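A.B. asks: I'd like to ask you about the structure that follows.
Derivation of every value follows stated rules applied to the coordinates shown; laboratory data play no part. None of the values given here were measured: they were computed from a predicted structure. Every residue, glycine among them, receives a Cβ derived from its backbone with ideal geometry; neighbour counts consider all protein chains shown.
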Amino acid sequence: MKLREMDDQVTYARQLQHDDGPVVLINQFTLAPDDAERFLQVWADDAALMKQQPGFISTQLHRGTAGSTTFINVAVWESARALGPAFRSPEFQARAARYPDRTIAAPHVFTKVAVPGICTA
């Protein structure tokens, strides 16, 4: 699996050093059509591990429609500092190495934005 930055100005590694919370991890995965089944198996294994980590709240995987092989993982964590150790753990890194070689992941951490009359923070 290859990592791609979603933001050219702020890296994922830098985000994991901040104590923002709660946070939402958005991770876009792009893969070849024949890698989808393997991807789902490995992702499910990763999600099971992450569910056991301190600070984990929830996760939901989404797939693009019309035969798309773009997936989006939306995971909620108590803080970026809680997500960091889970991401860097040897257990997670070993599992991440099992993704199909052509998989491209673009993880990025977000916080809610308040927009008056529309969104609450």
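A.B. asks: Answer rounded, prolate or oblate for region 35-121, using the Cα gyration tensor with square roots of eigenvalues a ≥ b ≥ c: rounded when a/c is under 1.5, else prolate when a/b is larger than b/c, else oblate. Mind showing how you got there, number by number?
C.D. replies: Details: a/c = 2.39, a/b = 1.26, b/c = 1.89.
Note, shape of region 35-121 comes out oblate.
A.B. asks: Mean separation of Cα pairs under 8 Å and 6+ residues apart, divided by the residue count of the chain: what relative contact order is that in percent? Before the final figure, lay out the partial values.
C.D. replies: Details: 208 pairs, mean separation 55.2, N = 121.
Normalised by residue count, the contact order of the chain is 46 percent.
A.B. asks: Next question, about the same structure. Which value in nm describes the separation of the simple spin-label points at E78 and I104, placed 7 Å from the Cα toward the beta carbon?
C.D. replies: Roughly 3.6 nm, to one decimal.
A.B. asks: Just to confirm the number: angle between the C-alpha axis of helix 36-50 and the first principal axis of the chain, 0 to 90 degrees, nearest 10?
C.D. replies: Once rounded, one gets 40 degrees.
A.B. asks: Helix-only estimate, please: 222 nm mean residue ellipticity of the chain, summing -39500 (n - 2.57) across DSSP H runs of length 4 or more and dividing by its residues, to the nearest 500.
C.D. replies: Helix-only estimate at 222 nm: -8000 deg cm²/dmol.
A.B. asks: Report the paramagnetic label zone for K112: residues of region 53-70 whose backbone N is under 19 Å from a point 7 Å from Cα along the Cα-to-Cβ axis.
C.D. replies: 55-60
A.B. asks: Now for a separate question. Between I26 and A94, how high is the FRET efficiency from 1/(1 + (r/R0)^6) when r is the Cβ-Cβ distance and R₀ = 25 Å? Nearest 0.05.
C.D. replies: Details: r = 23 Å, r/R0 = 0.94.
Once rounded, the FRET efficiency stands at 0.60.
A.B. asks: While we're looking at this one, here's another question. Within 10 Å, count the other beta carbons around each residue, average over each peptide in 40-51, 59-70, and list them highest first. Mind dumping the intermediate values first?
C.D. replies: Numbers: 40-51: 14.8, 59-70: 11.7.
Highest to lowest by the protection proxy: 40-51, 59-70.
A.B. asks: To the nearest 20 Debye, how big is the dipole of the chain about its Cα centre, given +1 on the beta carbon of each Lys and Arg and -1 on that of each Asp and Glu?
C.D. replies: Numbers: 12 positive and 13 negative charges, 11 e Å.
For this selection, approximately 60 debye.
A.B. asks: While we're looking at this one, here's another question. Within 10 Å, count the other beta carbons around each residue, average over each peptide in 22-29, 113-120, and list them highest first. Intermediate values should be presented prior to the final figure.
C.D. replies: Details: 22-29: 18.8, 113-120: 7.8.
Final packing ranking: 22-29, 113-120.
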